[in-house]
Structure formats: C-alpha cells, structure tokens
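Notes to accompany the following structure.
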Amino acid sequence: VLAGAGITAEGAVNSTTINGDIGTFLTTSITGLGNVVLNGVNHAGDGVTQGAKTDLGTAYTDAAGRTPTTTYGPIYDLGGQTLTSGVYNDPSSFGITGTLTLDGQNNPDAVWIFQAGSTLITAAGAPGSPGSSIVLINGAQACHVFWQVGSSATIGTYSDFVGTILAWEDITLDPYATANGRVLAGADLTSGAADLKGYNTITVPTCIPEASSFWPGAFCASIFAWQGLVVWRRKAARS
C-alpha cells in the first residue's frame with residue numbers, strides 16, 4: 001500500500017491483513033495501524049517510500065501512454081467478459097459487476113493494462129456472494145495485471161480484486177474487499193490517500209515462475225524498491 005496523502009485503516013483491531021509493505025509521502029500520517037496485521041515493513045515516509053512515489057509517477061505515465069488494443073464506450077462494465085492479454089481503454093470509467101475473467105492462454109508472461117480515464121468502481125456484494133470478482137485462468141498471473149486510473153478507485157464491499165492499481169488520486173477498499181495485488185495512490189506525487197475500511201486483505205503478488213525475459217515488450221513490475229517498484233523496464237509495444 002502506497003499513498004501520498006496518508007493511509008487510514010478503519011475497522012477493529014487486527015481486522016485488516018497486509019501481506020506486503022506500506023508507505024506514504026508527502027503526508028506521512030498512518031491512522032489506525034493497530035487495526036492492521038502487517039506482514040511486511042512500514043516504511044512510513046522514508047527514502048524508500050519517496051523513491052517508490054517517484055517510480056509510481058513514472059509507471060503511471062508509461063501505462064497511460066500505451067496504445068490501446070481495445071477501446072470501450074464511456075462508463076463500461078467489464079463484468080461477464082473473458083479477456084486475453086492486451087491494453088484496454090475507457091476514456092471515462094471502468095466498472096466491474098459480476099465476474100471478469102482474464103485468460104492467459106497458457107502464457108505465464110501475458111500482461112493486461114486497463115486504462116480508465118476517470119474512475120474504477122467495483123460492485124459491492126454480500127457474505128459468500130461478492131458483487132464483483134476477477135478470476136485468472138490458463139496461466140494468468142496477478143503480478144501482470146495493471147489498472148491505470150485517472151482519478152480515484154473504489155473497490156466495493158466483498159469484492160475480490162486482482163492487480164496493481166495505479167491511481168492518480170485516492171483508492172478506497174470498502175469493508176471485506178480483498179486485493180491480490182498492490183494499492184498505489186497518488187501518482188500525481190502530491191495527493192492521493194489510501195483508505196482501508198476494515199476487514200480487508202491485501203497480498204502483494206508473486207510471479208511463478210519468474211519471467212527470465214521480463215515479459216517480452218512489456219513492463220517489469222517492481223512496486224516499491226524492496227519488492228520491486230512499478231518501473232517499466234521496457235518501452236517497446238507488445239508484439
């Protein structure tokens with residue numbers, strides 16, 4: 001979890017689990033840390049976090065500049081679709097209601113980039129019935145899924161989310177929302193709060209196996225220097 005305007009963890013003591021590191025800069029306040037089981041390092045506003053924020057800005061710009069392979073109409077809901085690797089653009093906003101399936105087609109290096117001009121909002125659900133979920137099949141990996149969001153992202157209650165969120169402004173995880181990925185707010189480098197509403201689980205993804213060629217023509221995920229910050233190793237378009 002990375003922010004620019006502070007991190008807030010609501011809910012009860014130890015109700016949220018973060019399997020990864022956290023940090024925030026320019027505003028270094030972290031509220032409700034006692035509500036978090038942190039299986040990682042709190043870098044607060046240290047030099048590692050400051051470097052991570054710079055790299056987030058670089059990564060955001062790179063992702064936003066990728067040429068779309070598919071462009072949707074305004075406020076498009078991705079629920080119910082099965083998508084292979086590519087760059088998916090909506091000049092307005094993306095929503096997810098129901099299940100979005102990402103098909104790796106047995107290629108462990110398959111990469112998805114979603115470009116939302118404004119917001120990303122996933123539907124809320126109920127216990128045992130997530131309103132939105134992302135399912136990976138045929139070798140698709142969470143570490144290769146990226147969401148570039150032009151303003152703010154809201155992951156709804158009981159959502160099962162996958163991928164790294166690169167948000168220009170804020171990111172909110174509503175109660176019981178989970179993320180197999182990274183929550184990176186404030187790509188503008190000055191603002192962007194991360195608000196965890198409670199009973200959330202966030203797990204930084206690991207690529208298995210590690211791609212020896214950094215995914216041909218794609219970017220290398222290294223979000224935060226200590227786990228590899230989102231720095232694009234290669235600029236070339238995917239073949």
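The values are calculated or read from the model by the stated rules, or taken from the named source; none is laboratory data. Every value quoted in this text rests on a predicted model; they were computed, and no experiment measured them. Note: ideal-geometry Cβ built from the backbone for every residue, glycine included; neighbour counts use all protein chains shown. When the accessible area is computed, the model is the full protein with side chains, heavy atoms only, and any ligands, DNA or RNA have been set aside. Shrake-Rupley method; radii C 1.70, N 1.55, O 1.52, S 1.80 Å.
Key figures for this structure:
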{"quantity": "Tally of residues being under 11 Å from the mean Cα position of the chain (by Cα) and either among the hydrophobic types (A, V, I, L, M, F, W, C) or open to solvent by 10 Å² or more (accessible area, probe 1.4 Å) (or both) across segment 155-171", "calculated": "7"}
{"quantity": "Conditions (1) at pLDDT 95 or above; (2) polar (S, T, N, Q); (3) at negative phi: number failed by residue 129", "calculated": "(1)"}
{"quantity": "Checking residue 74 against (1) modelled with pLDDT of 95 or more; (2) in a loop (DSSP other than H, G, I, E, B); (3) not charged (D, E, K, R), the condition it does not meet", "calculated": "(1)"}
{"quantity": "Residue check for residue 21: surrounded by fewer than 24 Cβ atoms within 10 Å (Cβ to Cβ), in contact (Cβ under 8 Å) with a residue 24 or more places away in the chain and acidic (Asp, Glu)", "calculated": "yes"}
{"quantity": "Only listed residue being modelled with pLDDT of 95 or more, on the phi > 0 side of the Ramachandran plot and touching a Gly at 6+ places or on another chain (Cβ under 8 Å), chosen from 150, 186, 156", "calculated": "186"}
{"quantity": "Residues of segment 41-74 that turn out to be within 18 Å of residue 168 (Cα to Cα) and open to solvent by 20 Å² or more (accessible area, probe 1.4 Å), as a count", "calculated": "10"}
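This table checks each residue for (1) under 16 Å from the mean Cα position of the chain (by Cα); (2) without any contact (Cβ under 8 Å) to a residue 60 or more places away in the chain; (3) in a loop (DSSP other than H, G, I, E, B).
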position	(1), (2), (3)
5	no, no, no
14	no, yes, yes
28	no, yes, no
34	no, yes, no
51	no, no, no
59	yes, no, no
92	no, yes, yes
100	yes, yes, no
